[in-house]
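Derivation of every value follows stated rules applied to the coordinates shown; laboratory data play no part. Every value quoted in this text rests on a predicted model; they were computed, and no experiment measured them. Note: ideal-geometry Cβ built from the backbone for every residue, glycine included; neighbour counts use all protein chains shown.
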Amino acid sequence: MSQLFESRLSGLRILVVDDELLISDMIADALDDAGCEIVGPATSLEDGMTSASSENLDGAFLDINLKGSPSFSIAEVLTRRNVPFAFLTGYDETAIPETYRQVPVLLKPFQVREVVALVGRHFTKNPR
């Protein structure tokens, strides 16, 4: 990874919401290695809503299905707060409401380098 890329990611506060601990830890480790600050990982809809509502965030990754509950209410909070996010899912695009079809999606299984690259393309430091 180039120094410019690393410095662009350095200090970005990224929320990770995924109920699969192996996946959320993998994402968190990769982003931490790239210099991001990880919020969470949140493993439930409730924890994700709390973090999305209260934390200073520069971006978020949302698993679409959290223990049977869709994460679209978290997406709604992030949208209202102007926080960019991406979905993580094993479902096809029909699982995503029309409102969120422009949101980046990483299809499971994905490579951690795809997560880091998406952060570099879509997330920037929010003024606090």
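Counting other Cβ atoms within 10 Å, keep those with at most 10, restrict to DSSP loop, and tell me which trypsin sites (Lys or Arg not before Pro) in region 35-91 are left. If you can, show how the numbers build up before the last one.
Values: sites: Lys67, Arg80, Arg81; in loops: Lys67, Arg81.
Filter output for region 35-91: Lys67.
Arrange the following residues from fewest to most other Cβ atoms within 10 Å of their Cβ: Phe61, Phe72. Write down the numbers at each step before the final one.
Details: Phe61 26, Phe72 17.
Exposure proxy ranking, most exposed first: Phe72, Phe61.
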Fewest to most Cβ atoms within 10 Å: Ser54, Ser24, Ser44 sort as Ser54, Ser44, Ser24
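What size of dipole, in debye to the nearest 20, comes out for the chain about its Cα centre when the only charges are +1 on Lys and Arg C-beta atoms and -1 on Asp and Glu C-beta atoms? Before the final figure, lay out the partial values.
Working: 11 positive and 19 negative charges, 111 e Å.
So the dipole magnitude of the chain works out to roughly 540 debye.
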Grab the Cα-Cα distance for Ser53 and Asn82, subtract it from 0.36 nm times how many residues apart they are, and report the gain in nm with one decimal. 9.3 nm
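In what sequence do Asp18, Asp33, Asp47, Asp92 fall when counting other Cβ within 10 Å, fewest first?
Values: Asp18 26, Asp33 13, Asp47 16, Asp92 9.
Lowest to highest Cβ neighbour count: Asp92, Asp33, Asp47, Asp18.
Mind ranking 94-102, 115-123 by how tightly packed they are, going by the mean number of other C-beta atoms within 10 angstrom, highest first? Each step should come with its number before you reach the end.
Values: 94-102: 11.2, 115-123: 18.8.
For the peptides 94-102, 115-123, the packing ranking is 115-123, 94-102.
If the chain between Leu22 and Gln111 were fully stretched, how many nm would it gain, using 0.36 nm times the residue separation less the Cα-Cα distance? Please list the in-between numbers first.
Numbers: separation 89, 0.36 × 89 = 32.04 nm, distance 1.31 nm.
Gain in length upon complete extension: 30.7 nm.
For the chain, what does -39500 (n - 2.57) per DSSP helix run (n ≥ 4), summed and divided by total residues, give at 222 nm, in deg cm²/dmol to the nearest 500? Mind dumping the intermediate values first?
Working: 5 runs with 50 residues, N = 128.
Here the helix-only value at 222 nm equals -11500 deg cm²/dmol.
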Taking Cα atoms, how many degrees apart are the long axis of helix 21-33 and the longest axis of the chain, rounded to 10 and kept between 0 and 90? 20 degrees
Expressed as an acute angle from 0 to 90° and rounded to the nearest 10, what is the orientation of the C-alpha long axis of helix 112-122 relative to the principal long axis of the chain? 80 degrees
Tell me, in nm to one decimal, what length is gained between Asp32 and Thr94 on full extension, where the rule is 0.36 nm per residue of separation less the Cα-Cα distance? 19.2 nm
